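Asks: Let me begin by handing over the structure; questions about it come next.
The values are calculated or read from the model by the stated rules, or taken from the named source; none is laboratory data. Please read all numbers here as calculations on a predicted model, not as lab measurements. As a convention, Cβ positions derive from the backbone with ideal geometry for all residues, glycine included, and neighbour counts pool all protein chains shown. Just the protein is used for accessible areas: all its heavy atoms, side chains included, with ligands, DNA and RNA removed. Shrake-Rupley method; radii C 1.70, N 1.55, O 1.52, S 1.80 Å.
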Amino acid sequence: MLEIHLYFTPVLNHLEACDGHDWYLHPVVNLNVAKTYRDQTNFPKTVEYLNASYDRLEKIALDYLTINLHGRKYGRQFLFLLQEKLEHSTILNYNNLIRQHILVELGLTTAEFKIFRTYSKQRLTECLREFYKHRFTETPASIILTATEELQIASCQLSELTEFIQEIEKTA
C-alpha cells in the first residue's frame, strides 16, 4: 500500500496527472510562490503585485481546504474548475463570485466558509510546516510512503512522478 502526499501550488501546478489517483494534496503558499507567479504572468515587479498575488493564492488555498472538508473529490474538482476558469485570466480576477460559480457547479454552498475558515488557516499552516520540515523549496514536491520506507521527491513534474509511482506500485 502506497500513501502519496503531494505539495503543490494552486494555479501554478496543473493537477491533471494526479486526477485518477488517491493522493493527499497539500497546498503551498508563500512569498516565493507569489513571486514566481507574479514573474510568470509578467506583472510589474512591484510589491503591490507581489502582495496581491500572495493574497489571491492564499484565498484559493483556503477555499480549497474548506471545500476539501466535503471530501477530497470535491477539493480536486474545485481545483480543476478553478484552473479552467482562470486559464485565460489571472488569479487577480479570483473573487467571491468566481468561487460561488464553482461551488454551484459542485453542488455546494458557502454556508460553512465562515465557520471553517479558522480551521482552513490552521490546516494551511500545518501544510507549510510539513513542507519546510522536509526541506522542500519548490513545488510540486511529494512524500511517498510505503510499508518500509519514505521517499521524498522534490521539483519533479507531475507526469514523471505519476510514471515513477506506477512503477513502484507494480513492485509493491
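Asks: For the range 5-21, how many residues are surrounded by fewer than 20 Cβ atoms within 10 Å (Cβ to Cβ) and at pLDDT below 85?
Replies: Looking only at that region, the number is 8.
Asks: Another question, then. Any residue that is basic (K, R), open to solvent by 30 Å² or more (accessible area, probe 1.4 Å) and within 22 Å of E3 (Cα to Cα) - is there at least one of those in the range 106-117?
Replies: No, there is no match, as no residue in the range 106-117 is basic (K, R), open to solvent by 30 Å² or more (accessible area, probe 1.4 Å) and within 22 Å of E3 (Cα to Cα).
Asks: Also, quick follow-up: Could you tell me which of the residues T118, T137 is at pLDDT 90 or above and of a type in the set (S, T, Y)?
Replies: Of the residues listed, the single one that is at pLDDT 90 or above and of a type in the set (S, T, Y) is T118.
Asks: In addition: Please tell me if L81 is closer than 22 Å to N13 by Cβ, part of a helix (DSSP H, G or I), open to solvent by less than 80 Å² (accessible area, probe 1.4 Å) and among the aliphatic types (A, V, I, L, M).
Replies: Judged against the criteria, L81 is a match.
Asks: For a quick check of your reading of the model, give me the residue pairs whose first member lies in the range 89-111 and is over 28 Å from F43 (Cβ atoms) and of a type in the set (S, T, Y), whose second is in a helix (DSSP H, G or I) and open to solvent by 40 Å² or more (accessible area, probe 1.4 Å), with beta-carbon atoms closer than 7 Å and at least 6 apart or on different chains.
Replies: T110/Q100
Asks: A further question on this structure: Which members of the range 60-73 meet the condition of being open to solvent by less than 50 Å² (accessible area, probe 1.4 Å), closer than 18 Å to L15 by Cα and either part of a helix (DSSP H, G or I) or in contact (Cβ under 8 Å) with a residue 40 or more places away in the chain (or both)?
Replies: Scanning the range 60-73 gives I60, A61, L62, D63, Y64, L65, I67, N68.
Asks: Next question, about the same structure. Only one of (1) open to solvent by 80 Å² or more (accessible area, probe 1.4 Å); (2) assigned to a helix (DSSP H, G or I) is not met by L57, so which one is it?
Replies: With respect to (1) open to solvent by 80 Å² or more (accessible area, probe 1.4 Å); (2) assigned to a helix (DSSP H, G or I), L57 is out only on (1).
Asks: If the Cβ limit is 7 Å and pairs must be 6+ apart or interchain, which residue in the range 47-58 that is farther than 13 Å from N30 by Cβ pairs with which residue that is among the hydroxyl-bearing types (S, T, Y)?
Replies: Sorted first by the residue in the range 47-58, then by its partner, the pairs are R56/Y94.
Asks: Across the range 24-46, which residue is nearest to L108 (Cα to Cα) among those that are in contact (Cβ under 8 Å) with a residue 60 or more places away in the chain and open to solvent by less than 10 Å² (accessible area, probe 1.4 Å)?
Replies: Per the criteria, the residue is P27.
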